[in-house]
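Enquirer: One structure, as structure tokens, below. Some questions next.
Just so it is clear, none of the values below were taken in a lab; they were calculated from the coordinates. Given the structure is predicted, the values throughout are model-derived calculations rather than measurements. Every residue, glycine among them, receives a Cβ derived from its backbone with ideal geometry; neighbour counts consider all protein chains shown.
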Amino acid sequence: MAKEIYEGLSQLGGETVQASSPEEAVLETVPNPRPNSDYFVRFTCPEFTSLCPVTGQPDFAHIVIDYVPGDALVESKSLKLYIHSFRNHAGFHEDCTVGIGERLVEELNPKWLRIGGYWYPRGGIPIDVFYQTGEPPKNIWIPDQGVPTYRGRG
């Protein structure tokens, strides 16, 4: 691809300032270099953090984002900065997980997307949250997300 395709990116290859909220974070896209081929992309965020909207205490999750691109790919540095913008965001597990999925669908218009939020226990109860846009395209190999349910020390 020609370098001019990437010239409109504001974050890749330059200094960036962390957004103070997910709403302010910029998610950038690049053209899919293989738009005529269906293929699978995975991002794993094992150290996701946000804040409990009631107590203000930190919540931790292992987030796995899977998608089959349409015409665009999410630029990975902008995704990283977007994910990090949740560190001071007060939201329940469901709000954070589904919100990330919905924002990616809005920005990317993928052929298919799913997100798994594997949250560590709060109050003794782990909460896992899953969002998916529908059936994946046929003939796509989609591996298991590989994150076991929480088992404690046992």
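Enquirer: If you check residue 37 against the conditions, is it among the hydroxyl-bearing types (Ser, Thr, Tyr), surrounded by fewer than 17 Cβ atoms within 10 Å (Cβ to Cβ) and on the phi < 0 side of the Ramachandran plot?
Expert: Numbers: among the hydroxyl-bearing types (Ser, Thr, Tyr): yes; surrounded by fewer than 17 Cβ atoms within 10 Å (Cβ to Cβ): yes; on the phi < 0 side of the Ramachandran plot: yes.
Here the answer is yes, as residue 37 does meet what is asked.
Enquirer: Of everything in segment 27-72, what is in contact (Cβ under 8 Å) with a residue 60 or more places away in the chain, over 18 Å from residue 118 (Cβ atoms) and not in a loop (DSSP other than H, G, I, E, B)? Give them in sequence order.
Expert: Correct list: 29, 68.
Enquirer: Those residues that are crowded, with 19+ Cβ neighbours inside 10 Å and in contact with a helix residue (DSSP H, G or I) (Cβ under 8 Å, 6 or more places away or on another chain), I need them from segment 46-67; list them, please.
Expert: Those that are crowded, with 19+ Cβ neighbours inside 10 Å and in contact with a helix residue (DSSP H, G or I) (Cβ under 8 Å, 6 or more places away or on another chain): 48, 50, 59, 61, 63, 65, 67.
Enquirer: Answer with yes or no whether residue 89 is surrounded by 15 or more Cβ atoms within 10 Å (Cβ to Cβ) and in contact with a Leu (Cβ under 8 Å, 6 or more places away or on another chain).
Expert: Numbers: surrounded by 15 or more Cβ atoms within 10 Å (Cβ to Cβ): yes; in contact with a Leu (Cβ under 8 Å, 6 or more places away or on another chain): yes.
For residue 89, the condition - surrounded by 15 or more Cβ atoms within 10 Å (Cβ to Cβ) and in contact with a Leu (Cβ under 8 Å, 6 or more places away or on another chain) - is met.
Enquirer: From the list 115, 140, 100, 127, pick out the single residue that is among the β-branched types (Val, Ile, Thr), surrounded by fewer than 16 Cβ atoms within 10 Å (Cβ to Cβ) and on the phi < 0 side of the Ramachandran plot.
Expert: 140
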